[in-house]
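The values are calculated or read from the model by the stated rules, or taken from the named source; none is laboratory data. Treat the numbers as computed from the prediction; the structure is a model and nothing was measured. In this analysis, Cβ positions are derived from the backbone assuming ideal geometry, glycine residues included, and neighbour counts consider all displayed protein chains. Ligands, DNA and RNA are excluded from the accessible area calculation, which covers all protein heavy atoms including side chains. Shrake-Rupley method; radii C 1.70, N 1.55, O 1.52, S 1.80 Å.
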Amino acid sequence: MESANRGKRALGALLTVVIGVALAGCSSTGGLRAEQRAKEAQANGSAVDTPKWTVAMVTHAGAGDSFWDIVQKGARQAAAKDNITFLYSNSDQGKDQAQLVQTAIDQKVDGLVVTLAKPEAMKDVVLKAEKAGIPVVTINSGSAQSKEYGALAHIGQDETVAGEAVGDELTARGRKHVLCVLHEQGNVGHEQRCAGVKNTFEGTTENLYVNGTNMPDVQSALQAKLAADRSIDAVVTLGAPYAATAAKAKDQAGSQAEVDTFDLNGQVASALEDGTIGFAVDQQPYLQGYEAVDLLWLYRYNADVLGGGRPVLTGPQIVTKDDAAALKDYAKRGTR
Amino acid sequence: MTADSLAPPRRLGHRLLSRPELGAVVGAVAVFVVFSVAADSFLRPASLGTILYAASTIGIMAVPVALLMIGGEFDLSAGVLVTSSALVSSMFSYQMTANVWVGVGVSLLVTLAIGFFNGIMLARTKLPSFIITLGTFLMLTGLNLGFTKLIDGTVSTKSISDMEGFASARALFASHLTIGDVDLQVTILWWIALVAVATWVLLRTRAGNWIFASGGGPDAARAVGVPVTRTKTGLYMAVAFCAWISGQHLLFSFDVVQSGEGIGNEFLYIIAAVIGGCLMTGGYGSAIGSAVGAFIFGMTSKGIVYAEWNPDWFKFFLGAMLLLATLLNAWVRKRAEAAK
């Protein structure tokens, strides 16, 4: 077994090197230590004495989406406060999402939070949950179907309304030719956002599809587009991570366009502050998660509902340079 | 190609026709002509920089993937391995508050170890590489997400742009230089260097013969003393090494890495290699071909944007162009073989 020994030796050497270099060069700026220094102590206990209820959230998120991470953070914070056990699952395929809701019904949860990105696939199972006596709150997408399917309330942003807010803002900023960058072809919400921009924007709007799972490709596609059409004076991205890339592409193509974006993260907050990005439209995902869980608690405890049969809007909130300083810390900790 | 030196000298035309990348070159010219006619801005010098950048990010990975394919194997984990590599350097530097070069070094070791794992698993289990690397692909996809969430608390890494060593690392992996009107990314230099090294290895070294032999007929190769296992493990580590370069580019170019990225890119690398003349069955192909394949891909994906064709049809155009290029490639090769 000579090669097995060789393997062990290689592994040993690897570990030694890893530990060795770890102890060697340290950075005196940035990194975890800086974050820890900045971190305040956070109290994290429940504030109520209701029984331990269980709430399940089932979303249409793909794996590793930073937006849904923020939604979860809000939901967990509310769950901790309300003495609730919080369960989360997700699938970007309608059929699988419906199956996940079914498993939550089987677990006899006390409340259910779902998204209706693919309403038809979800209809039967949502009605089934209500039949089983489980209150349902819809969040994010599905404001049109929420009431019809018998949900208590819908909490989220109307994508068309958000797009329209962007269109208005761009008109106010005197822009003439907008490029709307879609990073997921076939996503209904994305189409609605760009359509919303088109509704209210007084100049021309144009869509560009890019491959969202391949950042260098996003950059070069934008570079190509901005170089091909010099009349584009504003670029709107539909997700925070794409805004920084758009700004880079703009620089490299030598374009004068302004970069604006939907959604927020730490990078965008910093970019707003230094003026690389004009404005961001936040739909406050933290609020969507937090309010949904809190509302289920309120319903169980006090039979309260919110919205009076109409969607409760968490956005659009337009944030600019003036808000950036305050938002930066919140975005960094992943709650904005 | 090695057989060529033993064969009696033939006319230049015939020798050219027997090159694996010839079909791809013809395809590239065709794609170039189509977009030169269809898009005004396609021929601008600045556009060349953009196209070359798009081609280089695919091309850097297409080189080792082509070698691996010549050696008779696949690597489906190559796309996510790039992301893994970027995640490791970013998170290691951040969590240890270390100089980013430390993270870059650790990432190289980890990435090479994953390539080694692929190679060793292939040799030990005798399972098809499709299954082994599919397993690695799924495991890495999960690890990328799981570890990032566990360590960073969110699904993307923290920004390391304010840390020591970032500027010098960015200069090596993600800088760009301007020559006249043309803005050239450093990945283009990496790409050219990798193609040159791989071509030299394939055509001028014993290891190159081993690669052709391992892919052409592993049993026959083994019988004449070719270290097939070692060759294939080496090829997987070459894929890992290039994944490391691409991963560092991703990290230092975009500062923050998203853990879900990279899925699906493995197919782009394989597509580039196949367009470039590599046979799916192994034993035939070239590194230069993979570069031409990547260039076709870069021209097509960006040419559609330059031509300002209706974006609703983007994926259709892309697929049709790729299919046409490959068909043309196959036709030219058949003609070449008939002319021999």
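Working only within region A:228-239, note down all residues that are touching a Phe, Trp or Tyr at 6+ places or on another chain (Cβ under 8 Å) and either in a helix (DSSP H, G or I) or under 20 Å from B:ASP40 (Cβ atoms) (or both).
Within region A:228-239, A:ALA228 is the sole residue that qualifies.
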Original post:
So B:MET280 fits all but one of (1) in contact (Cβ under 8 Å) with a residue 60 or more places away in the chain; (2) of a type outside the set (Ser, Thr, Tyr); (3) in contact with a helix residue (DSSP H, G or I) (Cβ under 6 Å, 6 or more places away or on another chain); what number is the exception?
Top reply: (3)
**OP:** For residues that are at the interface with another protein chain (Cβ under 9 Å from one of its Cβ atoms) and assigned to a helix (DSSP H, G or I), scanning just region B:157-193, find the one that is nearest to B:LEU250 (Cα to Cα).
**Re:** B:THR187
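Of the residues that make up region A:22-30, is at least one more than 8 Å from chain B (Cβ to nearest Cβ), surrounded by fewer than 16 Cβ atoms within 10 Å (Cβ to Cβ) and modelled with pLDDT under 75? Spell out the reasoning first.
Filtering region A:22-30 down to residues more than 8 Å from chain B (Cβ to nearest Cβ) leaves A:23.
When the remaining residues are screened for being surrounded by fewer than 16 Cβ atoms within 10 Å (Cβ to Cβ), the result is A:23.
Checking which are modelled with pLDDT under 75 leaves us with A:23.
The answer is yes, given that some residue of region A:22-30 is more than 8 Å from chain B (Cβ to nearest Cβ), surrounded by fewer than 16 Cβ atoms within 10 Å (Cβ to Cβ) and modelled with pLDDT under 75.
Of the residues that sit in region B:175-205 and are on the phi < 0 side of the Ramachandran plot and over 23 Å from the mean Cα position of the chain (by Cα), which one is least open to solvent (accessible area, probe 1.4 Å)? If you could, list the steps in order and put the result at the bottom.
Looking only at region B:175-205, we keep the residues that are on the phi < 0 side of the Ramachandran plot, and these are B:175-179, B:181-205.
From what's left, over 23 Å from the mean Cα position of the chain (by Cα): B:178-179, B:181-182.
Working: B:THR178: 93, B:ILE179: 98, B:ASP181: 119, B:VAL182: 25 Å².
My answer is B:VAL182.
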Subject >> Top-ranked residue of region A:208-243 - restricted to ones that are more than 7 Å from every other protein chain (Cβ to nearest Cβ) and of a type in the set (Gly, Ala, Ser), ranked as most open to solvent (accessible area, probe 1.4 Å) >> reply: A:SER231
**OP:** Identify the residue in region B:138-151 that is more than 9 Å from chain A (Cβ to nearest Cβ) and out of contact with any helix residue (DSSP H, G or I) (no Cβ under 6 Å at 6 or more places or on another chain) and, among all such residues, is surrounded by the most Cβ atoms within 10 Å (Cβ to Cβ).
**Re:** B:LEU143
Subject >> Selection count, region B:84-124, where residues are more than 9 Å from every other protein chain (Cβ to nearest Cβ), hydroxyl-bearing (Ser, Thr, Tyr) and over 14 Å from B:ILE245 (Cβ atoms) >> reply: 1
Original post:
What residue, of B:PHE297, B:PHE267, B:PHE252, is part of a helix (DSSP H, G or I), more than 8 Å from chain A (Cβ to nearest Cβ) and surrounded by fewer than 24 Cβ atoms within 10 Å (Cβ to Cβ)?
Top reply: B:PHE267
**OP:** Determine which member of the set A:LYS198, A:LYS248 is over 23 Å from B:TRP309 (Cβ atoms), open to solvent by 10 Å² or more (accessible area, probe 1.4 Å), free of Cβ contacts under 8 Å to residues at least 40 places away in the same chain and not small (Gly, Ala, Ser).
**Re:** A:LYS248
Original post:
How many of the residues making up region B:282-324 are among the hydrophobic types (A, V, I, L, M, F, W, C) and within 18 Å of the chain's Cα centre (by Cα)?
Top reply: 10
Original post:
Which condition number does B:THR154 fail, the rest of (1) within 25 Å of A:ALA61 (Cβ to Cβ); (2) in contact (Cβ under 8 Å) with a residue 40 or more places away in the chain being met?
Top reply: (2)
